[in-house]
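The values are calculated or read from the model by the stated rules, or taken from the named source; none is laboratory data. Fair warning: this is a prediction, and the values are worked out from it, not measured in the lab. Virtual Cβ from ideal backbone geometry, glycine too; neighbours counted across all protein chains shown.
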Amino acid sequence: MKGYTEAWAAPEVLEKGNKATTEADVFSFGMVVIEVSPRTSPHLVALRADSSDVLILVKVFTGGYPFSGFTDPIIILKITTGERPARPLGTRELGLTDSVWEMTVRCWQQDPTLRPSVTEVVGFLRERLVFSPSVEPTT
């Protein structure tokens, strides 16, 4: 069992068969931001930060998974050569602001050491997302 799905896997996992790391998880989270589910879009997904055990609900914005319509070998080629999904159209008014998009792009850095840490991503999201009392994360 390989332990990953191509469209969400970090380049170092696809290229070298490396095991998932926190940096690889950050890359995958960037793909989740633009992912879809069969439910109404945008919807919320849960993100749990390992170190702080904080649960954050994040909007998901698009009508398709990353690189939808491509076969796994083509997806692997795209990710390992640095290609990333384009910014989805018509999502700014749904909350995919310039700052959220910029953080998403930072999560996709080819070099894992240049990606933001999980703590930085969680802090960024906590500052920008509005939580209802029923989903307010606790530390």
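Worth a mention:
For every residue, the table says whether it meets (1) loosely packed, with under 13 Cβ neighbours inside 10 Å; (2) under 13 Å from the mean Cα position of the chain (by Cα); (3) at pLDDT below 90; (4) closer than 30 Å to G17 by Cα.
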| residue | (1), (2), (3), (4) |
| --- | --- |
| G63 | yes, no, yes, yes |
| P73 | yes, no, no, yes |
| I76 | no, no, no, yes |
| D98 | yes, no, yes, no |
| L114 | yes, no, no, yes |
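- Scan of the stretch 112-126 for residues that are without any contact (Cβ under 8 Å) to a residue 40 or more places away in the chain and in contact with a helix residue (DSSP H, G or I) (Cβ under 7 Å, 6 or more places away or on another chain), ordered by number: F124
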